[in-house]
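Please treat every number below as a calculation from the coordinates, not as lab data. The structure displayed is predicted, hence computed values, not measured ones. Every residue, glycine as well, gets a Cβ built from its backbone with ideal geometry; the counts of neighbours run over all protein chains shown.
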Amino acid sequence: MAATDTPCPWPFSFLRRSWANPWPFSYPPHLSPHLRKRAAEGLREEKHAENEGNHAFTIRTLDGDRIIGGIGLDGIRWMHRDCFVGIGLGDREFWGKGYGTDAMKIILRYAFSELNLQRVTLDVFEYNQRGVRSYEKAGFVIEGRQRGQILREGRRWDVIFMGILREDWQKLEQKKRKKKEAQ
């Protein structure tokens, strides 16, 4: 299914950017195997009848429609209205160009507006400061860390936990609308 064929009121063709990660040409190991598999197959969206707790999308370039990564909501707990989000970009050519911030903003809109979720959570490795900044731009705040969890190149790194609540996202959206109206 092409992104623009989805029944959502806003086109997923905008889900075409992603952030940089430290794993060239592959997806981060903390992403669910489900998301890695679906992104590699180039599917835009997946909704399993047997498991509606996962929504995965590929991220493609606007120019050339090239698959450059994947983003998805995983582990949705409908009773609590929360989930995890994972995003990955393999090709360094697309790192540091704002793709992740754009994709994250769009998937947050989907999570809060379409799925009516209350909270979205993620974790990121401490050495991925570009990712941390991207998540902060999208509205996530650091909520905690697991110290020394990751061993990479002989050094211990923390796993940082970040989250965003629906109310925080709504405030950011309202601020953005006011800024647009003032122009």
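Output wanted: per-residue J couplings in Hz (rounded whole) for the stretch 138-153, from phi through Karplus 6.51 cos²θ - 1.76 cosθ + 1.60, θ = phi - 60°, x for Gly and Pro.
7, x, 6, 10, 6, 10, x, 7, 10, 6, x, 6, 10, 9, 9, 6
Over all directions, the average projected area of the alpha-carbon convex hull for the stretch 78-183 comes to how many nm²? Before the final figure, lay out the partial values.
Working: hull surface 32.9 nm².
The orientation-averaged projected area of the Cα hull of the stretch 78-183 comes to 8.2 nm².
Quick check: pseudo-label points 7 Å beyond the Cα along Cα→Cβ at residue 180 and residue 118, how many nm apart are they?
2.8 nm
Could you tell me the extents of the stretch 63-134's C-alpha atoms along the three principal axes, largest first, rounded to whole Å?
40, 31, 16
Using only the alpha carbons of the stretch 95-146, what is the convex hull's orientation-averaged projected area in square nanometres?
Across all orientations, the stretch 95-146 yields a mean hull projection of 3.8 nm².
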